1. Hey, which lysines would be in cross-link range of K14, C-alpha to C-alpha under 21 Å, not counting anything within fewer than 8 residues on its own chain?
2. Sort the following peptides by mean Cβ neighbour count (other Cβ atoms within 10 Å, averaged over residues), highest first: 41-50, 157-166.
3. Among 128-139, 29-40, how do they line up from the highest to the lowest mean number of other beta-carbon atoms within 10 Å?
4. What's the extension gain from T63 to F43 if we count 0.36 nm per residue and subtract their Cα-Cα distance?
Amino acid sequence: MKNPREHARYDKLKRLFDLGVAVIALVLMSPAILLTALLVAVFLGRPVIFRQQRPGLNGKLFTLFKFRTMKERIDVAEDLLQDSSRITSFGRVLRRTSLDELPELINVISGEMSIVGPRPLLVRYLGRYSPFQRRRHEVLPGITGWAQVNGRNALSWDQKFTMDVWYVDHRSLSLDLQILVRTMWKIFNRDGIDQPGVVGASEFLGDGILANASGEASAVSSHVESHIS
């Protein structure tokens, strides 16, 4: 684990890294972004961009941008149907290829997200975190992260939070570069995108299993670090 001064220095460097990667990616991916936007308009309609409030650094809310992958289908009570009933075949393709994530580059440029960090989860989860789990908000959320390259939604919530906090304590340029390389492989491999029977992951209900930060961190440290080599 690095000391706070080392983390502060790296976070400043990381902001420059994020800006450089996001700007270059926007330029290189602009044809894919424009084509995806057109296809979303054709197959799913407007609005093309899905906007949702998510908690970021220190739990501060920001507006997340993604391409739509679902239709606005409602039941007889005029409530939205479950995600599994609203996602389309085209939407699943966007999720498998991670093309739906491309608008998040705007969030990176605006300083609300990082290229690498814990994924931004739902606002309603904020009150369900244990003190240990809440530490994932000590850094900017990311487009990809340590949990994403080590199982994504195939992981349990406990495993995800453990990996998120491990990343907070061990973040570095070399680790971020490794995560980016492994992300490319995960995009082509396309595993862990959804849990069985749901779109994405099941609801996090706040079990508090990881409330003892020091105990959990020491128990999993050797296991998590074994994934680096």
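1. Cα-Cα hits under 21 Å: K2, K60.
2. Going from most to least packed, we get 157-166, 41-50.
3. 128-139, 29-40
4. Between T63 and F43, full extension yields 4.8 nm more.
Every read-out reported here was derived from the displayed coordinates using simple, explicitly stated rules and does not represent laboratory data. Being a predicted model, the structure only gives us computed values, none of them experimental. Neighbour counts run over all protein chains shown; Cβ positions are idealised from the backbone, glycine included.
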